[in-house]
1. Among the candidates G105, G127, single out the residue that is without any contact (Cβ under 8 Å) to a residue 12 or more places away in the chain and open to solvent by less than 30 Å² (accessible area, probe 1.4 Å).
2. Residues being open to solvent by 40 Å² or more (accessible area, probe 1.4 Å), at pLDDT 90 or above and farther than 19 Å from D50 by Cα: count how many of those fall in the stretch 1-16.
3. Test of understanding: among S32, S27, S69, which residue is more than 20 Å from A137 (Cβ to Cβ), in contact (Cβ under 8 Å) with a residue 12 or more places away in the chain and out of contact with any Asp or Glu (no Cβ under 7 Å at 6 or more places or on another chain)?
4. Would you check which residues across the stretch 26-43 are crowded, with 17+ Cβ neighbours inside 10 Å, closer than 24 Å to A96 by Cβ and small (G, A, S) and list them?
5. Which residue pairs have Cβ atoms closer than 6 Å, lie 6 or more positions apart in sequence or on different chains, and pair a first residue in the stretch 135-151 that is touching a residue at least 12 places away in the same chain (Cβ under 8 Å) and closer than 12 Å to T113 by Cβ with a second residue that is open to solvent by less than 40 Å² (accessible area, probe 1.4 Å) and in a helix (DSSP H, G or I)?
6. Only one of these is modelled with pLDDT of 80 or more and aliphatic (A, V, I, L, M): L146, L179. Name it.
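The values are calculated or read from the model by the stated rules, or taken from the named source; none is laboratory data. Small disclaimer: the values here were computed from a predicted structure and weren't measured. Neighbour counts run over all protein chains shown; Cβ positions are idealised from the backbone, glycine included. Note: accessible area is taken over every heavy atom of the protein model, side chains too, but ligands, DNA and RNA are not part of it. Shrake-Rupley method; radii C 1.70, N 1.55, O 1.52, S 1.80 Å.
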Amino acid sequence: GGAILALTSHAPSPGRHYPPVEDLILSIVHRSSRATVTRDVGLGSQTFKDAPSLMLITPARTASFWSFSGAPRVLHIALPWREIGNFHDIDERQAADNLRVLAGGPFEDAMVTAVAWRMWLAATRRGPAAELFMEHALRLLLSSLLMTATDRYHGQRTHAERLASWQVERVNDYMERRLSEGVRLADMARITGLSPYHFLRAFKGAT
């Protein structure tokens, strides 16, 4: 299905820059050295300890920097970004934004890990059964990553767009005092220091 798989034993390295590629890259730790890994995919430097089944996303068309203090073995899967267009009702730009949130640090997903390793085994075999599995596994992997990324994206937006407790209290007091007169959205936004549109989203997130 156009995916490229590579099981790589990384040597300790002070750092190496990689140019952007067209594919979305999923990296899953297979054998851990419990050592420090530092990387940067344009979202700020990320430093963590490698651990079995830990996974990372490098968005498509994104340059990256990697540094290893240990020698982990990592399964890298380059997933063709063009496959995103084959999903119904998926906006490519929105999908990229969602996946960029997922690229903000390491995460774990047992199902994605299991599918990825079955893909690695299937890639070493020949025949129609293996080819059919790879085709479906690729779609399952992309679907799972998009679902996780979308959930995290909306979770971050909801968390970020919440009124602070003092703002909620100020708005409640304002409404209680003026219920007989009528309450305007613009006035509630003004007393919280937000635009009406931002206030509406933040108020909904808080209440």
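1. Of G105, G127, the one residue that is without any contact (Cβ under 8 Å) to a residue 12 or more places away in the chain and open to solvent by less than 30 Å² (accessible area, probe 1.4 Å) is G127.
2. Residues in the stretch 1-16 being open to solvent by 40 Å² or more (accessible area, probe 1.4 Å), at pLDDT 90 or above and farther than 19 Å from D50 by Cα: 1 in total.
3. S69
4. Of everything in the stretch 26-43, just one residue is crowded, with 17+ Cβ neighbours inside 10 Å, closer than 24 Å to A96 by Cβ and small (G, A, S), namely S27.
5. Correct list of pairs: L141/V115; S144/V112.
6. L146
Yes or no, residue by residue, for (1) open to solvent by less than 40 Å² (accessible area, probe 1.4 Å); (2) out of contact with any Gly (no Cβ under 9 Å at 6 or more places or on another chain); (3) outside any helix (DSSP H, G or I); (4) among the β-branched types (V, I, T):
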position: N98; (1), (2), (3), (4): yes, yes, no, no
position: V112; (1), (2), (3), (4): yes, yes, no, yes
position: Q167; (1), (2), (3), (4): yes, no, no, no
position: V171; (1), (2), (3), (4): yes, yes, no, yes
position: E176; (1), (2), (3), (4): no, yes, no, no
position: L200; (1), (2), (3), (4): no, yes, no, no
